[in-house]
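Trainee: The structure's right below; bear with me while I get my questions together.
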Ligand code: FES
């Protein structure tokens with residue numbers, strides 16, 4: 001099984017990281033009660049584990065370009081997603097949290113039909129975790145790109161990507177690909193939907209984001225969340 005993960009030197013926030021201009025600390029997607037810095041470090045450690053597991057040398061903390069002031073201010077982050085190969089993912093930081101961008105293959109998308117009956121909230125009806133444009137079978141604006149906050153909705157650990165269909169510790173024998181939270185065993189499919197009877201109460205959060213072009217997105221801004 002390969003762990004197709006990569007981290008990304010998160011683009012500088014818009015306006016060169018001018019925190020005063022970019023401050024936007026409120027908004028419907030910013031309701032998580034945990035300390036975001038704490039969660040980011042938890043998340044970084046988990047992502048690092050996945051990267052190390054496949055021997056991919058990727059700088060982590062130092063690769064996140066936005067300044068601490070800009071991060072604290074919640075500045076939107078513009079990301080070039082064109083370099084993500086199909087089947088792989090990158091991680092950027094937004095508001096002190098890891099945000100995953102997964103380039104899903106047709107085969108990965110096909111697994112979502114199969115997990116539909118196994119997840120707790122298949123249509124993402126529970127409020128607060130899925131913006132309207134992602135309330136669809138893909139949980140995304142475009143099927144091939146899944147964008148999610150890499151923080152478990154149980155107690156704030158960062159799940160580990162297991163993107164390919166292969167069993168492993170804590171995973172069922174018929175694992176189809178998704179994410180596994182090692183803290184208490186919650187599992188999520190390739191749309192971030194939590195499986196039934198797991199500690200996590202909700203699907204992974206889809207942050208506000210928009211496409212600027214076919215290969216660029218901006219995280220932190222959408223129809224309801226202005227920079
Ligand atoms: S924090 Fe993920 S299962 Fe508890």
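Trainee: What whole-number distance in Å separates the alpha-carbon centres of the range 114-156 and the range 204-227?
Mentor: If you average the Cα positions of each part, the centres end up 15 Å apart.
Trainee: Label-point separation (nm) for residue 211 and residue 226, each offset 7 Å from Cα along Cα-to-Cβ?
Mentor: 2.5
Trainee: Same structure again: Please arrange 175, 100, 138, 94 by how many other C-beta atoms lie within 10 Å of their C-beta, fewest to most.
Mentor: Numbers: 175 19, 100 24, 138 16, 94 28.
Starting with the residue having the fewest Cβ neighbours, the order is 138, 175, 100, 94.
Trainee: Arranged by the count of other C-beta atoms within 10 angstrom, fewest first, what order do 209, 145 take?
Mentor: On the way: 209 28, 145 20.
Least to most surrounded, the residues fall as 145, 209.
Trainee: Is the range 166-227 rounded, prolate or oblate when judged by the Cα gyration tensor, a ≥ b ≥ c being the square roots of its eigenvalues, rounded requiring a/c under 1.5 and prolate requiring a/b larger than b/c? Walk me through the numbers on the way to the answer.
Mentor: Working: a/c = 3.67, a/b = 2.11, b/c = 1.74.
Note, shape of the range 166-227 comes out prolate.
Trainee: In which sequence would 217, 151 go, from the one with the fewest C-beta neighbours within 10 Å to the one with the most? All intermediate terms of the calculation are to be shown ahead of the outcome.
Mentor: Working: 217 23, 151 26.
Listing 217, 151 from fewest to most nearby Cβ atoms yields 217, 151.
Trainee: How many nm separate the modelled label positions at residue 142 and residue 174, each set 7 Å beyond the Cα in the direction of the Cβ?
Mentor: Each label point lies 7 Å from its Cα, and together they span 3.3 nm.
Read-outs: derived from the displayed coordinates by stated rules, not from any lab. Please read all numbers here as calculations on a predicted model, not as lab measurements. Here the Cβ is made from the backbone with ideal geometry for all residues, glycine too, and neighbour counts use every protein chain on show.
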